[in-house]
Every structure is written in C-alpha cells, then in structure tokens.
Amino acid sequence: MTLETDLLALNQKLDALTAQVAYLTEQARLAQQERESRADLVDTAMPIAREAMDIVTRELEEVQEEIRMEDLLRLSKKLLRHVPQLEMLLDQLDSLSDLLATVGPISREMITKLTDLMDELDRKGYFAFARGGGRLVDNVVTSFTEEDVNRLSDNIVLILNTVKDMTQPEIMSFVRNTLLLAEEEVSQPVDTSMWSILRQMQDPAVRRGLALTLRILRAIGVQSVNGQPVQSSS
C-alpha cells in the first residue's frame, strides 16, 4: 500500500508539473505572438510616423519664423489649464449631437410640410397677390406727400366711419340693384319726348324715385362749409 500511495502521489505531481509546463508554454506562445504583433505594428507604423514627421517638419519650416518655442509652451500651458472647460465643451457637443439626432427627423418632416404648404399657397396665387399688394403699397407711398399723410391721419376716423356706413348690407344691396337695373335700362331705347316723360311721371315708382332724389339734393344743398348738416325745419 505504501508503494502504491507513493506512485499515486508521484503521478499527481507529474500531472501538476505537466499542467504547469503546458501553462508556461502557452504563456510563452502568447507572449511571442504579442511581441510579433508589436513588431508588425512598429513595422507598419514607422513609415507612417516618418512620413508624418516629414510633413510636420516641412509645415513647421514654413512658420518657424512666426512661431517660437515659447509660444508653443505658452499654448500648451493654456490648454492644460483649460482642460476642464474643454471637457465641458466636448460634453456639450455630445449633447448637441444627440439633440440634433433626435430633432433631425422632426425638422425634416416640418420642412417637408412647410414646402408643401408654400407650394399650395403659390398655386392658389397668394404670392402673386402679395407681389401685387407690394406694388400697390409702393404706388400709394410714392403718390402721397407727407402733408397728404398728415391730413389723412387727421380724418382717418371720419373716413373709416364713412366706409363702414357705405358697406352696410342694405346700402350695398341698393347700389348693386341700382347698377344692375341701370345696365338693363341703358341698353333699351329711350324716348325723351315730353309726352313720354309725363307718362312716366304717372308711375308711382318714378314719382317716389324723383322725390327721393330731390330729398337727397336738398340734403346736399343744406350742407355747411365744414361738412356738418344744417338743422332746418321741414
């Protein structure tokens, strides 16, 4: 039993030693691969580094008279002194980039809708109307003097009230109907003889129209110089 125990212990030690040797061999292989990778990287990077150094050297030769070593050191110190601000600026740029990535699709959709709306307004003639309105305003501005504008501002309330009275529905309907009837009557032959006029005076509508016309003429006649109606007994 003692010999078997010793052999078992020896086998266990041999197994452990074999495992350690295998581990060391694997580590050596990995280290060799790493060294070879570093060597390949150095072989690849060295030409690039030499080319970069040549470019930097050529560029610095062009500005070596304007830039001194003291300037570079001062710039380096300033950059190091402001590293926290630079980090904050980079963080803000990252946030801005995220914001643009979020807002980008929304803004594109808004631009598309705005473009469609502008195209629809153009088809309906809004822009042509605006251009015509611009020319109208330009003509008005160039046709009135400063004195005219001052007088207009003094009477703007009276003008607006007059326009409001003239645009009442009953006034507009009366003017429109009168114009339509006048257009129809103008195309008809007119008998201007005295007998024809006397026959028309027998028409109640003609007499009423004549009476209204005379009343309006009387109202115009009694206007004072300043445009205010004169109160008179009728």
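A short reminder: the numbers here are calculations on the coordinates, not readings from a lab. Fair warning: this is a prediction, and the values are worked out from it, not measured in the lab. Cβ: placed from backbone, ideal geometry, glycine included. Neighbour counts: every protein chain shown.
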(message) Need one number for segment 82-144: average projected area of the convex hull over its C-alpha atoms, nm².
(response) 8.5 nm²
(request) For n ≥ 4 DSSP H runs only, could you compute -39500 (n - 2.57) per run for the chain, divide by its residues and tell me the 222 nm figure to the nearest 500? (result) -29500 deg cm²/dmol
(message) Can you tally the net charge around Ser153? Count Lys and Arg as +1, Asp and Glu as -1, for every other residue whose Cβ sits under 12 Å from the Cβ of Ser153.
(response) -3
(message) What are the extents of the Cα atoms of segment 111-234 along their three principal axes, in Å, largest first?
(response) 74, 40, 25
(request) Taking mean projected area of the Cα convex hull in nm² as the quantity of interest, determine which of (i) 47.5; (ii) 13.6; (iii) 14.5 was computed from the displayed structure. (result) (i)
(message) Could you derive backbone 3J(HN,Hα) for segment 36-45 from the dihedral phi with the Karplus parameters 6.51, -1.76 and 1.60 (θ = phi - 60°), listing whole Hz in sequence and x where the residue is Gly or Pro?
(response) 5, 5, 5, 5, 5, 5, 5, 5, 6, 7
(message) Considering the Cα positions of segment 167-224, please state its Rg to one decimal place and its Dmax as a whole number of Å.
(response) 14.4, 40
(request) Calculate, axis by axis, the spread of Cα positions in segment 1-139 along the three principal axes, and write the results as whole Å, longest axis first. (result) 124, 57, 32
(request) Could you line up Glu109, Glu170 from fewest to most neighbouring Cβ atoms inside 10 Å? (result) Glu170, Glu109
(request) Restrict the search to segment 61-151; then list the trypsin sites (Lys or Arg not before Pro) that DSSP places in a loop and that have at most 15 other Cβ atoms within 10 Å of their Cβ. (result) Arg68
